[in-house]
Amino acid sequence: MRMLEKKTTEFLDALSSAEPVPGGGGASAAVGACACALGMMVANLTVGKKKYAEYEEEIKEALKKLEELRDRLVILTDADAEAFEPLSRAYGLPKETKEQQEEKERVLEAALYEASVVPMEIMETILEAMSYLEALSEKGSRIVISDVGAGILFAEAALEGASLNIFINTKLMKNRERAEELGRKAEEMIQRGRELKDVIYNTVLKEVK
């Protein structure tokens, strides 16, 4: 059973336990999925309304894409936990001899990279979802525009939350070129996400206040 197929309270119990997974990465993916779901709700309440007929096809496309992105984030909630397990094992490898030390360094380096790949995918998925939330902030039903605002706030928090899992791993990587490349990609997505959040949230705020 996937984490997000559990009852919400079961997922929260797992998140709050002493187990290292699910953690911030999985929680970020889950929050990102909630952001997508809020966008889907707005799209569902817009489709078929005469007032928004000129945007019908665009809204349907946003609905379809947001569903795909939501489902991907559900999978990534589990994938983040799975990616952490090899890293956890690597930390526990023996290092008494020079050979063991070298082996531990090699395994740890690979595990640190792999543990950064999933949160990077979480960020990419959330950033894509944010572009559809932008369309909904402009063309979605005004009755539920506040839910676009909630969705973009969730998305931005999830985006930056996932980035922390990248930074904590790249900080320890010996391959600084690879680490810095991952860091640059994350920073670029954070910047773009903040820009989108500001635009969309301010659009919503003008509508609701």
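The values are calculated or read from the model by the stated rules, or taken from the named source; none is laboratory data. Keep in mind it's a predicted model, so treat the numbers as computed, not measured. With ideal geometry, Cβ positions are generated from the backbone for all residues, glycine too; neighbour counts draw on all protein chains shown. Side chains are part of the model used for accessible areas, which takes the heavy atoms of the whole protein and leaves out ligands, DNA and RNA. Shrake-Rupley method; radii C 1.70, N 1.55, O 1.52, S 1.80 Å.
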Original post:
If a residue has to be open to solvent by less than 20 Å² (accessible area, probe 1.4 Å) and without any contact (Cβ under 8 Å) to a residue 40 or more places away in the chain to count, how many in the range 161-189 make the cut?
Top reply: 2
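Taking the criterion of being small (G, A, S) and closer than 23 Å to G183 by Cα, would at least one residue in the range 141-148 satisfy it? Spell out the reasoning first.
Step one: list which residues in the range 141-148 are small (G, A, S), which gives 141, 146.
After this cut, where a residue has to be closer than 23 Å to G183 by Cα as well, the list is none.
Within the range 141-148 (the criterion being small (G, A, S) and closer than 23 Å to G183 by Cα), the answer is no, since none of the residues qualifies.
Which members of the range 133-160 meet the condition of being among the charged types (D, E, K, R), open to solvent by less than 60 Å² (accessible area, probe 1.4 Å) and either within 20 Å of L63 (Cα to Cα) or not in a helix (DSSP H, G or I) (or both)?
Start the filter on the range 133-160 by keeping residues that are among the charged types (D, E, K, R), which leaves 134, 138-139, 142, 147, 156, 160.
Retained after the next criterion (residues that are open to solvent by less than 60 Å² (accessible area, probe 1.4 Å)): 134, 139, 147, 156, 160.
Within the range 133-160, E134, K139, D147, E156 qualify.
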**OP:** Could you pull out the residue among E99, E85 that is farther than 19 Å from G25 by Cα and surrounded by fewer than 19 Cβ atoms within 10 Å (Cβ to Cβ)?
**Re:** E99
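Taking helices (runs of 4 or more DSSP H) that fall entirely within the range 1-118, which contain at least 2 residues that are in contact with an Asp or Glu (Cβ under 7 Å, 6 or more places away or on another chain) and of a type outside the set (V, I, T)? Even if it seems obvious, please write down each step before you answer.
Details: elements: 8-16, 24-44, 56-91.
Correct list: 24-44, 56-91.
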